[in-house]
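Okay, here's the structure, questions in a sec.
The values are calculated or read from the model by the stated rules, or taken from the named source; none is laboratory data. Predicted, not measured: the structure shown is a model, and the values here were computed from it. FYI the Cβ positions are ideal-geometry reconstructions off the backbone, even for glycines, and counts take in every protein chain you see.
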Amino acid sequence: MIISSLVLIAVVNADEHNSQPVIESYNISLDAAIKAAIAAVNQCHRQKYQVAVTVVNKAGIVKVVLRNDLVPEIALSISYKKAITALSFAQPTSMLAQRKVSKVLAMEKNLLFASGGLPIEAAGTIVGAIGVSGAPGEEIDEQCAKSGTDIISDDLKFFNP
C-alpha cells in the first residue's frame with residue numbers, strides 16, 4: 001500500500017510539471033524591421049536629411065540599425081533611446097515629450113523624451129519600436145519613423161496572435 005501511494009504521488013507531480021502554462025510572445029520579424037528602417041532612412045534622404053534609424057523588438061533588443069554616411073555617432077545613440085522610450089511607454093515619443101517627466105525618468109540613461117520614436121503594433125500588440133535621429137527637427141525624425149511603420153502596416157495587419 002505504501003509503495004502504490006508513492007507511485008501515485010509521483011504521477012500526480014509529473015502531470016503538474018507537464019501542464020505548465022505556455023507564454024507566447026510576438027516580436028517584429030527581421031524582414032519587417034529591415035523594411036521599416038530602410039523606408040525611414042529613404043524618407044529622410046528624399047528630404048535631403050541624413051539620419052540614423054534603430055528598430056528594436058518587443059524586448060528592446062536591437063534588430064536593425066541604419067545610418068547615412070554623414071550621420072554623427074551620437075545620432076545612433078539617440079535613435080536607440082527614442083525607440084526604447086516609445087517601446088517602454090507604448091506611445092509615440094512626441095506625446096511623451098509634451099508631458100512633464102519626473103526627474104527619475106529624465107535621468108534614465110536609455111530613455112529620451114523627444115519626438116522621433118514610434119511603437120510598432122500588430123493586431124493590438126506591441127511587437128517593437130523604431131527611433132529616428134539626425135534631421136533638423138524632431139518632427140521630421142518622427143515623420144520619417146512613421147514612413148517606416150506605414151510601409152509595414154499592411155504586413156502586420158494580418159498578424160493574428
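Hey, could you check the range 41-62 for residues that are in a loop (DSSP other than H, G, I, E, B) and touching a strand residue (DSSP E or B) at 6+ places or on another chain (Cβ under 7 Å) and say which is nearest to Cys144 (Cα to Cα)?
Here the residue is Val51.
Going by the structure shown, is Lys146 within 19 Å of Ala36 (Cβ to Cβ), modelled with pLDDT of 95 or more, in a helix (DSSP H, G or I) and in contact with an Asp or Glu (Cβ under 8 Å, 6 or more places away or on another chain)?
no
Identify the residue in the range 84-129 that is of a type in the set (Gly, Ala, Ser) and in a helix (DSSP H, G or I) and, among all such residues, is surrounded by the fewest Cβ atoms within 10 Å (Cβ to Cβ).
By that ranking, first place goes to Ala106.
Can you work out which of the residues in the range 59-76 that are out of contact with any helix residue (DSSP H, G or I) (no Cβ under 8 Å at 6 or more places or on another chain) and crowded, with 16+ Cβ neighbours inside 10 Å is farthest from Leu111 (Cα to Cα)?
Val71
Read through the list (1) modelled with pLDDT of 95 or more; (2) surrounded by fewer than 23 Cβ atoms within 10 Å (Cβ to Cβ), then give the number of the only condition that Lys81 fails.
The one condition Lys81 does not meet is (2).
Can I ask one more? Has the range 51-58 got at least one residue that is surrounded by fewer than 21 Cβ atoms within 10 Å (Cβ to Cβ), at pLDDT 95 or above, out of contact with any helix residue (DSSP H, G or I) (no Cβ under 8 Å at 6 or more places or on another chain) and of a type outside the set (Phe, Trp, Tyr)?
Checked against the condition, which is being surrounded by fewer than 21 Cβ atoms within 10 Å (Cβ to Cβ), at pLDDT 95 or above, out of contact with any helix residue (DSSP H, G or I) (no Cβ under 8 Å at 6 or more places or on another chain) and of a type outside the set (Phe, Trp, Tyr), the range 51-58 yields no hits at all.
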